[in-house]
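Here the structure is laid out as structure tokens; the discussion comes afterwards.
Read-outs throughout are calculated quantities, based only on the coordinates presented, and are distinct from any laboratory measurement. Not measured: the values here are computed from a predicted model. Glycine also receives a Cβ, built like all others from the backbone with ideal geometry; neighbour counts cover every protein chain displayed.
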Amino acid sequence: MSRRRQAGGIGRILEKLERNVEAGNYYDAFQMYNSIYNRLIGERKLEDGVKLLISGSLMFLAHKQDEHGTELSVLLGDHLLTHHTSPSVELNDQLIEVIKRFDRSSPGRARFIPKVFKWSKMYTEHGDPRIHKACAEVYLLETDYATCCTHCQYLDLDGVQFYSQTLIEVARVRAYNSELGLIITWAVLQFLTLKRTEHARRIFKLYTAQHPAITTPFPYQEPLLNFIQFLIQAIDRRSPQLVKVLRDKYSKSLSRDPSFSVSIEKILRVYFNEVPQSSGSLGGLGGLMQSLFGGGESAGTAQSAVPVVEDADLD
């Protein structure tokens, strides 16, 4: 409370509005939030406008008023984009808090998260890794592995340990031992299509070291694991010819999921400027991988929230 008093006028306004919400005067409070926000914007008090919308979003969502919470959070996302609000650790933490406050069933989350990442991508290539990590944690708790892993593609190097543990959990609950190579192959290929070589190297090392069913060192019993080991070496050697040799040698194993061949073509493009034979976006799951990761929100929320690599992006 003292911190809000120090904030002056906006602090007192927020206290009054929050008391209205806590008293159950939801409609009146929502109208007041909108009216005061418009007044603040008219006075160019943009920072106060952000504080107001964050406070209102959190209050309404905490009181299970999803419609009002959604409208204010969407307005918050629009504000960040329209006024080019600079990111900060404090602001990102508050946005994460709003994301986590949504119920799983809330359609508002699917509207808010894409706006947050569209804004965040104005300042970082793929969106802030900490926000991606928070989203990944939310979807992991909901066992929405597809959406979780989509966000994990954009973690920083320190976050790769979390991603590895997530993949091991997916393998444990969804895959047969014969499929454990499929999961890490998909993850490594996705990192490489984004030219995140060190991420690919680290997650492969962690996964093969920590997965309880992988009991022998290289060369592995699972052909796809050997393929990934050699593929990373080929990229380190800057050898597109070796990548193609590996693609042909392991074609039978790679044919288990059609997304693998598309990813390899894109890897040849991003590392060696070779024109791919087919077009299409990355980040999707082939039929077998879809069955392992499940559907979840990956076809909606995650792919609209997270940048997807298209051919045009590689030019």
Revision key, fill the gap. Largest-first semi-axes in Å of the equivalent ellipsoid built from the Cα gyration tensor of the chain are 44, 20, 16
Practice item. Above 21 angstrom, tally the Cα pairs of the stretch 76-149 and express them as a % of all pairs, no decimals. Key: 20 percent
Study note, to complete from the structure: HN-Hα couplings for the stretch 81-96 via Karplus (6.51, -1.76, 1.60; θ = phi - 60°), in whole Hz with x for Gly/Pro, come out as 6, 5, 9, 6, 5, 6, x, 8, 4, 5, 5, 4, 4, 5, 5, 4
Check your understanding: In the stretch 91-222, if every C-alpha pair distance is counted and binned at 10 Å from zero, what percent goes to each bin?
Key -> 12, 41, 31, 13, 3
Check your understanding: Whole-Hz Karplus ³J(HN,Hα) for the stretch 140-155, in order, using 6.51 cos²θ - 1.76 cosθ + 1.60 and θ = phi - 60°, x for Gly and Pro?
Key -> 5, 4, 8, 6, 8, 5, 4, 5, 4, 5, 4, 5, 5, 4, 10, 6
Study note, to complete from the structure: Kirkwood Rh over alpha-carbon pairs of the stretch 205-279 plugged into Stokes-Einstein at 25 °C, 0.890 mPa s gives a D in µm²/s of 185 µm²/s
Check your understanding: Between Met122 and Val173, what is the label-to-label distance in nm when each label sits 7 Å out along the Cα-to-Cβ direction?
Key -> 3.7 nm
Point to revise | Proximal lysines to Lys51, defined as alpha-carbon separation beneath 27 angstrom and excluding residues fewer than eight positions away on the same chain | key: Lys16, Lys64, Lys100, Lys115, Lys118, Lys121, Lys133
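I'd like the FRET efficiency for His84 and Thr216, computed as 1/(1 + (r/R0)^6) with the beta carbon distance as r and R0 of 45 Å, rounded to 0.05.
For His84 and Thr216, the calculated efficiency is 0.25.
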Review point. What are the trypsin sites (Lys or Arg not before Pro) within the stretch 23-72 that DSSP puts in a loop, where the Cβ has at most 10 other Cβ atoms within 10 Å?
Key: Arg44, Lys64
**Study point:** For the stretch 56-65, Karplus couplings with θ = phi - 60° (6.51, -1.76, 1.60), whole Hz, Gly/Pro x
**Key:** x, 4, 5, 5, 5, 5, 5, 9, 6, 9
Practice item. Would you mind listing how long the stretch 27-148 runs along its three principal axes, going by Cα atoms, in whole Å with the largest first? Key: 43, 32, 19
